1. Test of understanding: among B:LEU336, B:LEU315, which residue is within 25 Å of A:VAL243 (Cβ to Cβ), among the aliphatic types (A, V, I, L, M) and within 11 Å of another protein chain (Cβ to nearest Cβ)?
2. Just checking, does the stretch A:113-120 include any residue being more than 7 Å from chain B (Cβ to nearest Cβ), of a type in the set (A, V, I, L, M) and farther than 27 Å from B:ASP295 by Cβ?
3. Scan the stretch A:208-228 for residues that are modelled with pLDDT under 85, more than 22 Å from A:PRO241 (Cα to Cα) and surrounded by 15 or more Cβ atoms within 10 Å (Cβ to Cβ) and jot them down.
4. Looking at the stretch B:441-454, which of the residues that are touching a strand residue (DSSP E or B) at 6+ places or on another chain (Cβ under 9 Å) and under 17 Å from B:VAL472 (Cβ atoms) is farthest from the other protein chains (Cβ to nearest Cβ)?
5. Can you pull out the residues in the stretch B:431-441 that are on the phi < 0 side of the Ramachandran plot and either at pLDDT below 90 or over 38 Å from the mean Cα position of the chain (by Cα) (or both)?
6. Given (1) under 24 Å from B:GLY379 (Cα atoms); (2) facing chain A (nearest Cβ under 7 Å), where does B:ASN271 come up short, assuming only one miss?
7. Name the one entry in A:ASP128, A:ASP142 that is of a type outside the set (Val, Ile, Thr) and assigned to a helix (DSSP H, G or I).
8. Could you tell me whether any residue of the stretch A:253-266 is exposed (fewer than 10 other Cβ atoms within 10 Å of the Cβ), within 30 Å of B:ASP333 (Cα to Cα) and not basic (Lys, Arg)?
Amino acid sequence: MSTRNNAARTVRQRKLNPKQGLRIIRESDIEEQLDDESQRQVYHGETGVEKAEEIEYHLQAVINASNSTTLGARAKQSYIPTPDVVRAKGVKYDDLYPKVFKEPATYIRFGSTVEDSVGVAYCMNDADIEFLARLNDGKDIDGRDRKDKLSQCPEDTFEEVMNFFEDTSARLQPYANVDNAPILALEEMERAQEEEISADSRKWLKPIYKYWVLRKGNRPLMPSIKVRVLDTASEADDADPYVCFRRREVRLTRKTRGRDAQVVEKLKKLRLEAQSALELVRLVVDRERVKADSLQVDRRVFNERKQLKEVKAAKNIIGEKGDDEDLLVNQKPVSKSSKGRGDGQAQRPATIRLRSVGDGRSAAPDVDLPLLDDWRTEADHFVISTIEARKEQHKKWNQHWIDETKYPITPPSEESNPMSKWAQLPLEGLNSYPTPPPSLPSQSSQQKEGEDVEMPDVPPKVEEGKQATAGAEIHEPLSVFHIPGAYPLSDDEASDDDAAEPSGYPACRLRYGRGGRCYLETRKRRPYGQLSRGVVSDSDSDEDYGPGYFPVSERITFDYRAALNNRPTRPDGMLVQQQSSHGRWASGDQASMKTGAGAHGRPGSQGGAA
Amino acid sequence: MAPRNDAKDGEKGAEEPKPERGYATLATLTIGTKASVEKDGEKRRAEILSIQTRRGRPTYYVHYEEFNKRLDEWVSAERLDLLQEVEWPAPEKPDNKSKQKTTQSKAQQVSKTDSRSQPNKSQKRPRSATVTREASETPFDGSAKSSRRPSRQGGKENLDPTVTIATEEIGGTPQPEDESAIDLVDMQEAAVAAKAAPNHGPYSREEEIEKLRTGGSMTQNQTEISRVRNLERIQMGQYEIEPWYFSPYPAEFTDCDLVYICESCLCYFGNNTQFGRHRKKCTLFHPPGNEIYRDDNVSFFEIDGRRQRTWCRNLCLLSKLFLDHKTLYYDVDPFLFYCMTFRNAHGHHLVGYFSKEKESAEGYNVACILTLPQHQRKGYGKLLIQFSYELSKIENKLGSPEKPLSDLGLLGYRAYWQEVIVDLLLEREGEGTPIVSAEDIGSSLAMTTNDVLHTLQNLNMVRYSNKTHVIVLTEAVLVQRERQKEKERIKGKRVIEGERLAGWRPPVFTAAARTWNW
């Protein structure tokens, strides 16, 4: 298209480069008069007119004329005919468009819409005018005399009323033209009215209503174009040439994996934030409840004292002068102690918080309020020191003595706490969420995605597993390979376990036997209460304690060994073959651990779990 | 895009099966029949698109072959020449494609689906003898006749092509109207003009609607554009105007002899009384937007389709009467409307307008452009075009009107391009720097390089001399320019004074507004 096709030329023209500067010359300047033919060829570029219309007779005539003009010929000018426009006859233009416009000095800025500018949309036609004349003559629609004594109805009022009818019925019966809805009653429309209509018009509603009913058809009285809200509304509309100005439906945003991930992240974050906010609120509620309780107690104390005072007064018991003040002023310490009691009962972090708030007010009460934890540590210390003392005592007894008994009651050498060899099974959060738990793993767990087992999450576990192995070697060397997470444990099983033995926390460990077989061993801890109770007795020392095992629900499918000294483990399925060769180690090991746990379980860790 | 038909080969022989022909009586005439109709004293082949009985007499809505649809009209039975054979409509779907005489069109391929075939078209066409006017699609075909021009409708010729513009465009490839089978009987006719075979545009209707959803203002769809005109006449201001094409005004107006259109708000009324009442209440004196340009003759108002939905819809309904390919399928929100008015004591009077997409993916600076028929041939079209380029200059963009152009639009744009390019070349020549590239010209005039080249080549101004291209200010072009200047001296020259637009800034729409509000 950029070069004319000069078939006659022998020299091939270079393509015209739009960036290239071209010399502007006059026709007379052309040095070599090339063969006219080639230069005078008419260019046939794309016109931009539709092909079918391009060949229309009149357009072709004009184009041809201009082409020949271009080539220097004189051509008769052609025109494209169009239908007539004539001056309208009988139009009182000055009446219709009065000469009242004043050109402002500055550019016009205008924002009102057509609706704002044309007043009432309804316009009277001839029939309306006729009716209105009759109405103002005192006749109603049936030609009878009007009973009401209304004055003249102005045209504007009439139109407002008609407009009200039209609008309201269109609003209430948008599909009237389709389903032939009954004409609305006047009362109904009055009830449904949205915009206030003037009091003047209101008076005329009734008489005009009858007339409107007569004229009312399926279509609005003022012709309107057909508009559909959505272009997807209905297929049928598509073929209707009168339907126009469809709304474009909202643009769809592109869906990509990246967007999805973004959205998920956002939702997750929101979820976490909402949850922590909820948690905070819950804590606040707890605190406030405790506060309320304490206030009530205060009040009761106060009342009691007041009564006391009254009694004193009645009985004429004379107190010290400060007595009355005491009732009020000394209130504080009293209330503190009551708070302290509440503290002990609640045993919740919330309580502690409350206390610290109290700290702000006065430092004194702290002295009065022992912490539960302090109590416990104290108790533990007492237990431990007693044990130590007893051990020392025992050793002293046995000094210089040789124990010939079969099972001497010498305390075992201190070993690392066997408890640590056992990892706790994951526990469901004791505080259940007020809302269902997140369907997606929280961020922290997500980072370890792919690990279904939570056990390995306890960091020290790997090493401890080795220790456990070492313990096992006492009886029989065994190579143990520990692969964290290799042995999936579903939450279901864990919770089942929990349910079966609510008082203790199941512990378990993974062990790998010969041939890569792996075992999960579980053990139940003793109830917590025992710790504080059986302090001194020898029964708490190891070794001589009889093996004990804890029932585990049958539904647990992992390998389970209950340990009995010198007894093969009860086989569970695939365990069977294993037993023959390694029957003993497991049981012995198990037994020792179990007892150890009983003796040395740390109150601290358990308390934390609670 | 497609090659243009210029060569008329006389290969008539290779035609497809000829349509059935025979003699008809008034009673046997049906829709789709092509008969010889008297037009301006000549007989011209025309297709009957609709039949009505008026005052007991049948009247026929006919489309003349190779005439623009704006010349379609109702004719009485007397104008039908039944002494000649008529061409019966082809049976429902079959072989139409072939019918077309492709004699002239060299490059067009006839696709079967298109031609005549538009199945729905033929099916939709009412066959009953009395049909109230309804929109039926009119096939379009052309055979060139010798008739010089239409008399009755041709009351107004466009003497000056630059003046009249009616461009409608929608982006897209033009798709020819579907023609019903046309059999060119006459050799002469065949020789005169080539009819492009209706090669269906690349667009299916669904595709087209989807395209329109995101931009554009015009339709390629035959069922959309080939309809029987539905309004008889309109009155606007002091003028009575014959509509050119179908427009989806309320269907009730089909029965009105005259539809009244308010000059200010463009509201429409089927009844003079109602119109009179409306005029008493209407308080608009100008298009409801901001005036962005004013000179001694005209003002321009910028109107946002989203803010002035009713007014812009009214404007579109009105302009659809004169723009064949304009589509009103979707709402006006994505367009800005630049309306040109002249002023007097009555207020501002709309002369013409062009619409413009708020964001045109194709880089168009004009969607639809129209000078109202009562103001055509007075040079306003050129002002509108010039204004659209002035806006593009401020936006620092190269603009081009949406394609396809209408016939009048093409002539208007060509005249404008020719004038501004020639003026620029003369100026450069006068400055003594007679070297300019096509891109230079384009950026100086805010025109696309393509339009520049198109214009230069069409005027035969690009030549190859001394192994290099040169731009030649030909005698013909200079003479034309002189003549035009002479005319301007006599009649006064109207131009848009760009400096008066200095305060205008392109409206900015937020991404949210673009995404959600249109």
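1. Values: B:LEU336 fails: within 11 Å of another protein chain (Cβ to nearest Cβ).
After ruling out the rest, the residue left standing is B:LEU315.
2. Filtering the stretch A:113-120 down to residues more than 7 Å from chain B (Cβ to nearest Cβ) leaves A:116.
If we keep only those that are of a type in the set (A, V, I, L, M) too, we end up with none.
There is no residue in the stretch A:113-120 that is more than 7 Å from chain B (Cβ to nearest Cβ), of a type in the set (A, V, I, L, M) and farther than 27 Å from B:ASP295 by Cβ.
3. Residue satisfying the conditions is A:LYS216 alone.
4. B:ILE441
5. Within the stretch B:431-441, the first condition is being on the phi < 0 side of the Ramachandran plot, and the residues that meet it are B:431, B:433-441.
Once the filter is applied, which keeps residues that are on the phi < 0 side of the Ramachandran plot and either at pLDDT below 90 or over 38 Å from the mean Cα position of the chain (by Cα) (or both), the stretch B:431-441 yields B:GLU431, B:THR433, B:PRO434.
6. It is condition (1) that B:ASN271 fails.
7. Details: A:ASP142 fails: assigned to a helix (DSSP H, G or I).
Exactly one residue qualifies, and that residue is A:ASP128.
8. Going residue by residue through the stretch A:253-266, those that are exposed (fewer than 10 other Cβ atoms within 10 Å of the Cβ) are A:253-258.
If we keep only those that are within 30 Å of B:ASP333 (Cα to Cα) as well, we get A:253-256.
Pick out the ones that are also not basic (Lys, Arg) and you get A:253, A:256.
Checked against the condition, which is being exposed (fewer than 10 other Cβ atoms within 10 Å of the Cβ), within 30 Å of B:ASP333 (Cα to Cα) and not basic (Lys, Arg), the stretch A:253-266 yields at least one hit.
The values are calculated or read from the model by the stated rules, or taken from the named source; none is laboratory data. Since we're looking at a predicted model, the values are computed, not measured. With ideal geometry, Cβ positions are generated from the backbone for all residues, glycine too; neighbour counts draw on all protein chains shown.
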